[in-house]
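Undergrad: I'd like to ask some things about the structure below.
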Amino acid sequence: MIILKSAEEIARMRIAGKVVACVLDTLRKHIRPGITTEALNAIAEEECKKHGAVPAFKNYPHPRGGRPFPGVICASLNEEVVHGIPRGDRVLKEGDIISIDFGAYVCGFAGDAAITVAVGEVDKRVNKLIQVTEEALMKGIEQAKPGNRLGMVSHAVQRHAEKNKFSVVRDFVGHGIGRNMHEEPPIPNYGRKDQGPVLKEGMTLAIEPMLNMGTHKVYTKLDEWTVVTRDGSFSAHFEHTVAVTDKGPEILTLN
Ligand code: MG
């Protein structure tokens, strides 16, 4: 069941979204060669305390009964797609890219967003991957308005990705969001325009394209969480929490 939110509930989600965006902005400023993903995680944890936010990913149950997620952020480097575990021995270096996914509860509601950032100078095609993934997210968001099918969001993301010769990850999708981090409906980043539920005012969606430079195929590493591309090609990830309103899509995870 897709839970519709009232204007008052969306106002609370706006606050949660703003906090998530602020924390990601702070993290972005710390991304440079030499910093570890564990240090970024510690900054996120500190920022949560400052904002009175409850980190949503820490101790998140493993979907197949493995150990819970240990980090406040997911920090995924290069060929890692999503769910990278922050580690003291993962040091960022020039030419890397890092995707940071961060979710938190504020005022009883969740916010969820992700960014991918280049560490220093990166390869031209890698820069293009980052740029196209963010553009694909924005193209998807543009379609998140009442009366459109969810498939129009998915289709817009896929179309932009493939037009630029990047592939779209199938095995992980976006999601509805509200009092819970993960609600109905699942939001694929591929598919036909005529698929999925018709969007209604009051729906709140976490739209999150993951684009790869090579194959769309991925697998999960032995740490039970980190998802990587099967061919080792680089991957980028952007996400916003969005409300479907009578005036069109409203991005809630903006600073
Ligand atoms: Mg998400």
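Undergrad: Any chance you could check the Cα centroid distance between segment 174-251 and segment 1-36 for me, in angstrom?
TA: Here the answer is 16 Å between Cα centres.
Undergrad: Could the peptides 6-19, 98-111, 75-88 be put in order, highest first, of the mean number of other beta-carbon atoms found within 10 Å of their residues?
TA: On the way: 6-19: 18.5, 98-111: 24.2, 75-88: 22.1.
By packing density, highest mean first, the sequence is 98-111, 75-88, 6-19.
Undergrad: Now, a different point. Charges only on Cβ, +1 for Lys and Arg, -1 for Asp and Glu: so what's the dipole of segment 7-251 about the Cα centre, in debye to the nearest 20?
TA: Around 360 debye, computed over segment 7-251.
Undergrad: Now, a different point. Taking H placed 1.01 Å from N in the peptide plane, check which residues at least 5 places from Met210 or on another chain put their amide H under 5 Å from its amide H.
TA: Val169
Undergrad: Viscosity 0.890 mPa s, temperature 25 °C: give me the Stokes-Einstein translational D for segment 111-186 in µm²/s, with Rh taken as the Kirkwood radius over C-alpha pairs.
TA: Translational diffusion coefficient: 177 µm²/s.
Undergrad: Measure off, as a whole percent, the carbon and sulfur share of the 1.4 Å-probe accessible area of the chain, all protein chains present. Present the calculation step by step, with values, prior to reporting the outcome.
TA: Details: 5770 of 11040 Å².
C and S atoms contribute 52 percent here.
Undergrad: May I pose another question? Using amide H atoms built in the peptide plane, which far-off residues or other-chain residues are under 5 Å from Ala53 H to H?
TA: For Ala53, no residues qualify.
Undergrad: Next question. Taking segment 1-71 on its own, what percent of its Cα-Cα pair distances exceed 15 Å?
TA: 65 percent
Undergrad: Suppose every Lys and Arg Cβ carries +1 and every Asp and Glu Cβ carries -1, with no other charges. What dipole size does segment 44-182 come out with about its Cα centre, to the nearest 20 debye?
TA: 480 debye
Undergrad: Another one. Send over a whole-number figure in Å² for the accessible area per residue of segment 146-220, probe 1.4 Å.
TA: 43 Å²
Undergrad: Okay, next question. At 20 °C and 1.002 mPa s, what whole-number value in µm²/s does Stokes-Einstein give for the translational diffusion of the chain, with Rh from the Kirkwood sum over Cα pairs? Intermediate results must be reported in sequence, preceding the final value.
TA: Values: Rh = 17.9 Å.
The estimated diffusion coefficient comes to 120 µm²/s.
Undergrad: With point charges of +1 on the Cβ of Lys and Arg and -1 on the Cβ of Asp and Glu, referenced to the Cα centre of segment 7-251, which listed residue (Gly17, Ile35, His216) lies farthest in the positive direction of the dipole?
TA: Positive-most Cα among the choices belongs to His216.
Undergrad: Moving on. Which is farthest toward the positive dipole end of segment 7-251 among Pro68, His175, Gln195, measuring Cα position about the Cα centre, with Cβ charges +1 (Lys, Arg) and -1 (Asp, Glu)?
TA: Towards the positive end, the residue furthest out is Gln195.
Undergrad: Dipole magnitude of segment 195-255 about its Cα centre, charges +1 at Lys/Arg Cβ and -1 at Asp/Glu Cβ only, in debye to the nearest 20? Mind showing how you got there, number by number?
TA: Details: 5 positive and 8 negative charges, 39 e Å.
For segment 195-255, the charge dipole is close to 180 debye.
Undergrad: Another question, then. Need one value: the accessible area of Glu183 in square angstrom, 1.4 angstrom probe, rounded to the nearest 10.
TA: Taking all protein chains as shown, Glu183 has close to 30 Å².
The values are calculated or read from the model by the stated rules, or taken from the named source; none is laboratory data. Please read all numbers here as calculations on a predicted model, not as lab measurements. Here Cβ is always computed from backbone atoms with ideal geometry, including for glycine, and neighbour counts include all displayed protein chains. Ligands, DNA and RNA are stripped out before the accessible areas are found, and what is left, the full protein with its side chains, is counted by its heavy atoms. Shrake-Rupley method; radii C 1.70, N 1.55, O 1.52, S 1.80 Å.
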